[in-house]
Amino acid sequence: MKSNVYLFAMFIFSLLILQTSCSKDDGPPVEEEEEKKEEENDDNEEGSDPTGQQPQLTSDYLALKALYEANDGNTLGWNLDDTTMQSWSGVEQENERVTELNIEGKGIKTLVPEIGNLEKLTLLDAGKNTLTRLPEELGQLNELAQLFLRENSLVEIPENGLPIALVTLGLAENKLTELPISFQNLDKLEILNLSGNFLEGIPKEMGDFNEMRILDFSNNRIQEVPEELGQLQGLEYLGLLQNDFTSIPQEVCNLDEFGKTEIGKDRNVTCNLLFYQYKGLKALFETNPGNLLDWGATLNDVTMQNWQGLIFDQNGNLSEIYTSGFGLANIPPEIGNLRHVSIITLRNNGIVELPAEIGLLAWVQELFLKDNNLKSLPASIGNLKNLTHLELRDNELESIPDTMGNMDDIEILNLFGNQLTTVPITLADLEPTIDELHLTDNNITSLPIEICGMPSLQIENGICP
């Protein structure tokens with residue numbers, strides 16, 4: 001009996017030993033387990049999630065990865081395993097979003113549609129590559145302010161393919177022949193370089209780009225410059241070199257002559273001053289139906305050579321106008337087109353009002369307005385810095401603007417026979433240039449002491465002490 005119990009116990013004990021041995025054989029060797037742990041540690045050091053899950057890839061990363069893979073042979077040098085893009089040359093980030101991308105001269109043949117996913121991009125430089133087209137998705141980058149695409153092979157720009165927030169746009173040295181209609185929506189542009197393309201024209205809508213400071217159309221095939229560019233009063237530089245025109249509108253030349261714009265143009269290119277003057281006088285004629293001038297028969301003759309009352313200089317440009325007593329009561333704003341004329345005579349025309357544009361007559365030296373019905377003068381008349389003789393006698397002036405004291409070269413100011421009760425003290429600033437200040441036959445009873453002390457003053461006795 002005892003012997004049987006002993007044998008049964010030994011059998012159970014043997015089974016337990018066998019089970020323990022099998023369990024140890026089923027597990028991996030110690031060396032393999034340690035190697036596996038080291039590999040997991042290495043993966044974690046490379047940026048993997050400790051739980052074994054792959055990191056979530058951002059839309060910015062995927063967009064630039066697509067750009068990289070779509071351009072075989074590029075020289076970007078990016079390590080695609082670095083999903084943070086921290087090591088990527090030319091990529092600037094802020095708050096884990098790509099804000100600047102510089103891929104200049106990196107062998108880029110195409111910009112992928114995914115580029116439109118870089119929502120925080122403010123600067124993109126893709127110059128000196130071999131791009132032939134742009135994806136429309138580029139227009140989705142609402143924060144992109146600077147875009148440089150110089151020295152590529154672009155032949156066209158897709159409609160709505162450019163972001164409307166652009167401030168700087170460089171498209172020099174491409175193969176563009178025209179600009180899309182949607183280009184006029186880029187009204188925030190300050191710098192636009194389109195030099196070295198195949199453009200044949202300039203959209204007149206360019207004149208609406210009020211923020212424009214630098215505009216370069218040099219080295220194209222442009223045949224005509226629109227006069228609307230003359231509206232860009234804030235322009236600092238206008239490049240028009242090496243094109244197919246020989247003259248530009250005077251409106252554009254005025255940016256240089258009377259503004260602060262530097263115009264780059266070929267030596268043989270001249271300003272079309274005569275046509276500019278023609279438009280001014282044509283407006284004067286048409287604003288006064290029933291006038292007595294004989295210009296009507298030849299009104300379409302831009303040379304104006306047979307129009308009465310006009311004198312031209314040796315270059316064929318209008319220099320003097322004598323149109324007294326012709327029923328020209330209405331003076332249009334286009335009178336400002338005559339700024340290169342030196343003498344203008346408009347006596348006895350029934351003129352009631354002068355437009356502010358009279359102040360644009362920068363080169364006029366003698367202006368005769370006797371025997372009209374003027375009751376006031378625009379403040380801009382004080383801008384006539386080259387004026388030496390201003391005749392306003394026998395009108396109905398009740399006052400004159402303070403700005404008339406700014407006419408530095410005035411020698412004769414004739415205000416005889418008006419309805420003035422006084423004159424501004426600023427007229428005293430006309431000394432010592434002024435020789436004659438005629439104030440006789442007005443309603444003046446007293447004058448500032450500074451005016452009374454002017455040697456040039458001519459007025460009735462008893463008004464000044």
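The values are calculated or read from the model by the stated rules, or taken from the named source; none is laboratory data. The structure displayed is predicted, hence computed values, not measured ones. Cβ sites come from the backbone with ideal geometry, for glycine too, and all protein chains shown count toward neighbours.
Observations, loosely collected:
- When segment 318-347 is filtered for residues that are surrounded by fewer than 19 Cβ atoms within 10 Å (Cβ to Cβ) and in contact (Cβ under 8 Å) with a residue 60 or more places away in the chain, nothing remains.
- Looking across segment 111-129 at every residue that is crowded, with 18+ Cβ neighbours inside 10 Å and assigned to a helix (DSSP H, G or I), the one that is farthest from the chain's Cα centre (by Cα) is identified as GLU114.
- Residue match in segment 130-151 (condition: touching a strand residue (DSSP E or B) at 6+ places or on another chain (Cβ under 7 Å), of a type in the set (D, E, K, R) and assigned to a strand (DSSP E or B)): no
- Residue ID - nearest to the chain's Cα centre (by Cα), chosen from residues in segment 265-286 that are farther than 22 Å from VAL364 by Cα and surrounded by 15 or more Cβ atoms within 10 Å (Cβ to Cβ): LYS265
- Note on segment 287-309: among residues that are crowded, with 17+ Cβ neighbours inside 10 Å and touching a residue at least 24 places away in the same chain (Cβ under 8 Å), the one that is nearest to ASN337 (Cα to Cα) is MET304.
- Listed by first and then second residue, the pairs with beta-carbon distance under 8 Å, at least 6 apart or on different chains, first residue in segment 437-465 and under 24 Å from ASP408 (Cβ atoms), second part of a helix (DSSP H, G or I) and among the small types (Gly, Ala, Ser), are PRO448/ALA428; GLU450/ALA428; ILE451/ALA428; GLY453/ALA428; MET454/ALA428.
- Among residues of segment 434-446, those that are at pLDDT 95 or above and out of contact with any strand residue (DSSP E or B) (no Cβ under 8 Å at 6 or more places or on another chain), counted: 4
- Scanning segment 112-134 turns up no residue that is in the same structural domain as LEU189 (by TED's automatic domain parsing), closer than 24 Å to GLU211 by Cα, in contact with a helix residue (DSSP H, G or I) (Cβ under 9 Å, 6 or more places away or on another chain) and of a type in the set (Gly, Ala, Ser).
- Qualifying residues in segment 395-425 (those that are assigned to a loop (DSSP other than H, G, I, E, B) and among the aliphatic types (A, V, I, L, M)) - the one surrounded by the most Cβ atoms within 10 Å (Cβ to Cβ): LEU415
- Any hit, segment 185-193, residues being assigned by TED's automatic domain parsing to the domain that holds PRO249, under 26 Å from TYR276 (Cα atoms) and under 14 Å from the mean Cα position of the chain (by Cα): no
- Contact map, segment 105-131: residues that are within 17 Å of LYS175 (Cβ to Cβ) paired with residues that are of a type in the set (Asp, Glu) and assigned to a loop (DSSP other than H, G, I, E, B), Cβ distance under 7 Å, separation 6+ or inter-chain. Pairs shown: ALA126/GLU104; GLY127/GLU104; GLY127/GLU151; LYS128/GLU104; LYS128/GLU151.
- Number of positions in segment 60-110 that are of a type in the set (Gly, Ala, Ser), under 35 Å from the mean Cα position of the chain (by Cα) and exposed (fewer than 13 other Cβ atoms within 10 Å of the Cβ): 1
- Entry remark, segment 179-235: residues being hydrophobic (A, V, I, L, M, F, W, C), part of a helix (DSSP H, G or I) and more than 24 Å from GLU143 (Cα to Cα) number 1 in total.
Residues are listed down the side, and each one gets a yes or a no for (1) at negative phi; (2) in contact (Cβ under 8 Å) with a residue 12 or more places away in the chain; (3) in contact with a Gly (Cβ under 8 Å, 6 or more places away or on another chain); (4) not charged (D, E, K, R):
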site	(1), (2), (3), (4)
PHE217	yes, yes, yes, yes
ARG221	yes, yes, no, no
LEU229	yes, yes, yes, yes
GLY234	yes, yes, no, yes
LEU240	yes, yes, yes, yes
GLU251	yes, yes, yes, no
PHE258	yes, yes, no, yes
THR270	yes, yes, no, yes
PHE275	yes, yes, no, yes
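- Which numbered condition ASN315 misses (of (1) at pLDDT below 95; (2) surrounded by 12 or more Cβ atoms within 10 Å (Cβ to Cβ); (3) not assigned by TED's automatic domain parsing to the domain that holds GLU190): (2)
- Failed item in (1) surrounded by fewer than 21 Cβ atoms within 10 Å (Cβ to Cβ); (2) at pLDDT 95 or above, with LEU392 passing the rest: (1)
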